[in-house]
Structure formats: C-alpha cells, structure tokens
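First the structure, in the form of structure tokens, and then the observations on it.
What follows is calculated from the coordinates using simple rules that are stated; it is not laboratory data. Quick caveat: nothing in here was measured; it's all calculated off a predicted structure. Cβ placement follows ideal geometry from the backbone for every residue including glycine, while neighbour counts extend to all protein chains displayed.
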Amino acid sequence: MRWKDGRRSDNIDDLRGEMGPRAAGAAPLILLRLLPLLFRTRGGRVLLVIGLIGYAGARMLGIDPLAGVGTPVPQGGAARSIPPEEQQLAEFVSVVLADTEDSWRAIFAQSGKRYEEPRLVLFRNGVRSACGTASSAVGPFYCPGDRKVYLDLAFFDDLQQRFGAPGDFAQAYVIAHEVGHHVQTLLGVSAQVQQAGAKLDDAGRNRLSVRQELQADCFAGVWGHMANRERQVLEPGDLEEALVAATAIGDDRLQRKAQGRVVPDSFTHGSSEQRERWFRRGFESGDPGICDTFSAKTL
C-alpha cells in the first residue's frame, strides 16, 4: 500500500507512553461483539463496544476478556520508550485514518451532509473509554459513547500470526471497519439497531448484529474504492490482503478453530464468506448505498 506520502490525521490520541496492565488484567464488561447481550458495570452503567472480533472472538481464541474485571487502568505512570518500527506503524495508522476522513467527508458532502471525524486512540494493554475499561484482548473497537476508535497496535501482530492475515492493507481494513461503525453512528443506524435489538431474543439480536457488522465491512470496502480511485494507494496484492483478513475473522472459521464445530445461531459478525462478500461489494462499487445489509434477503 502506498501510504508514506499521505496526509497524517490530527485526530490521534496516543496513550502508548503510559504503562497499563498486561493482557486480560483489566478487561471490560462489554456488549458481546455488538448488541447480543447487555452487561453492566458494578455501578450499573450499560456499556456498548463495537469491535472487530470483540468478546466472543477473544473467547474463541482462548483469551478470557473477563479475567481481572475491576482492575484499574492508570492514566499516568512510568513512560515507556517506543521502538522505531512501532512508531512507523503508528504513522501508518494516522495516514489511513486521514484517508478515511477524506473519503467519508467527500461521500457525506455528496448528500449535503457534514462528516464528523472520529478520534482514534492508540493504547497499550488497557484503556478507559466512555464505554468502560477495555483490555487489548477484545481487539480494536469503536465506542459510540465518545465516538472514538480504540486500537492497540499489538493486534496487528495477532492479525498476521494468529489469524494468518499479513499485509498493510489487511491492517487498513481493520481501521476502516471500525470507522465504518462510526459512519453508522452518524447515520443513526447504530441507534436504530439498539432500539430494535431491545425487543428481540438472543438469536434475533445476533442476527441483527451480523447485519450491522457486515455493513461495516461493506463501508470499509467503500473506503478502499475511494482511496484507490482518488489517490491510487493500492499496490498489487493489496485487495487480496484485505479479503484474507475478512475471511480469517469470520465467525465460522473462529468457531471451527476453537471448538471444532460451527453454531450459526451464535454468529454475531458473519461467516468468512459473508464478510469477504460484503467488503468486496463495497470495494467494487464505491457506493455506500449498496451496503444496505438490513434489507438484503441474502447475506
């Protein structure tokens, strides 16, 4: 991916220099992947976190995101040095975020709307958000409460090693997917899903969650189309990297790997085939209107 000459975003909050707890030591009580179940903190506050793999994905990978719930995440403390290769990765994230800003700003303007840019928080190990205290174990996530994307750069190592999805455009897909959830918030989709989900049973909420996650995948594809059309950022093999990533985090693949069987009623993000298909649809069309997964008869 051609990114080094790209614009850097000003909407980055870098908390990596602050030492937080390791792994699952400060995990959140979160909404399962999207809206399947509601959890509450000890203070009774409902938390909403929309993630790429989320709670259920972490559990299927053998990580316990609920271990050590209640452990505080310090906001200050001893600073850590940041290796040059990690800093370059942070630069990459900033460029990708800026590119999503340019793309969605143009798309919203076509409809006479103003795109409100999200902020992206880089953290390490654990972080506090308006959605509560989150561990890196849940993967990248978007919090509608503060309209921020949260990312521990260590996830990109997992993407390559644990999920078998290497490449910079695979990483860009991760960021664009979470920005897709921000677009849903701005369009009112997230609020509508939450309202509709409150009237459904667990299976119904899961099905609704799948449709929202697949739309975020499609929106990520729309960004990829715009970025390449307007700024020619793609190199040979980049599209395949994103498709491999989308396939690698399908519910069926995660379930088969973790438990040897697939339970479609428990899907919250969609199958590998569905995730790849909707990203490709957005990428090939560049039209967010084609991403209406909620009206689609076949996902």
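To the nearest 20 debye, what is the magnitude of the charge dipole of region 195-299 about its Cα centre, counting +1 on the Cβ of each Lys and Arg and -1 on the Cβ of each Asp and Glu? Present the calculation step by step, with values, prior to reporting the outcome.
Numbers: 15 positive and 17 negative charges, 70 e Å.
Dipole of region 195-299, to the nearest 20 debye: 340 debye.
Exactly which trypsin sites (Lys or Arg not before Pro) in region 115-207 are in a DSSP loop and have at most 16 other Cβ atoms within 10 Å?
Numbers: sites: 119, 124, 128, 147, 148, 162, 199, 205, 207; in loops: 124, 147, 162, 199.
Of the trypsin sites (Lys or Arg not before Pro), the ones in loops of region 115-207 whose Cβ has at most 16 other Cβ atoms within 10 Å are 147, 162, 199.
Here is the link list: 113/148; 4/148; 4/257. Which ones come out longer than 27 Å on Cα distance?
On the way: 113/148 20 Å; 4/148 24 Å; 4/257 36 Å.
Flagged as over cut-off: 4/257.
Mind checking the dipole of region 118-275: about its Cα centre, +1 per Lys or Arg Cβ, -1 per Asp or Glu Cβ, Debye to the nearest 20? Kindly include the intermediate steps, with their values, before the conclusion.
Details: 17 positive and 19 negative charges, 99 e Å.
Value, rounded to 20: 480 debye.
Calculate, for residue 8 and residue 158, the FRET efficiency according to 1/(1 + (r/R0)^6) with r their C-beta to C-beta distance and R0 30 Å; round to the nearest 0.05. Could you put the intermediate results ahead of the total?
Details: r = 25 Å, r/R0 = 0.83.
Efficiency, from the Cβ-Cβ distance: 0.75.
So how do 86, 178 line up by other beta-carbon neighbours within 10 Å, fewest first?
Details: 86 16, 178 27.
So the residues, fewest neighbours to most, are 86, 178.
Near the amide H of residue 121, under 5 Å away, which other amide H atoms are found, from residues 5 or more places off or on another chain, if H is placed in the peptide plane?
13, 149, 150, 151
Taking +1 at the Cβ of each Lys and Arg and -1 at the Cβ of each Asp and Glu, which of 200, 187, 214 sits farthest along the dipole of region 176-215 towards its positive end, judged by Cα position relative to the Cα centre?
So the residue furthest toward the plus end is 200.
If the viscosity is 1.306 mPa s and the temperature 10 °C, what Stokes-Einstein diffusion coefficient in µm²/s follows for region 211-272 when Rh is the Kirkwood radius over Cα pairs?
For the chosen part, D equals 122 µm²/s.
Restricting to bridges with both residues inside region 119-174, how much of the DSSP beta-bridge set is antiparallel, in percent to the nearest 5? Walk me through the numbers before you get to the answer.
Details: 7 of 12 bridges.
Restricted to region 119-174, the bridges split so that about 60 percent are antiparallel.
Can you bin every Cα-Cα distance in region 162-283 into 5 Å intervals starting at zero and give me the percent of pairs per bin, rounded to whole numbers?
With 5 Å bins starting at 0, P(r) equals 2, 12, 20, 22, 19, 14, 8, 3, 1, 0.
Could you calculate the FRET efficiency of residue 257 with residue 298 from 1/(1 + (r/R0)^6), where r is the beta carbon distance between them and R0 is 30 Å, rounded to 0.05?
On the way: r = 26 Å, r/R0 = 0.85.
Using R0 = 30 Å, I get an efficiency of 0.70.
Roughly what % of Cα-Cα distances in region 127-189 sit above 18 Å, to the whole percent?
Details: 757 of 1953 pairs.
Value for region 127-189 (Cα pairs over 18 Å): 39 percent.
Roughly how many whole Å is it from the C-alpha centroid of region 190-206 to that of region 78-133?
First find each Cα centre; the distance between them is then 28 Å.
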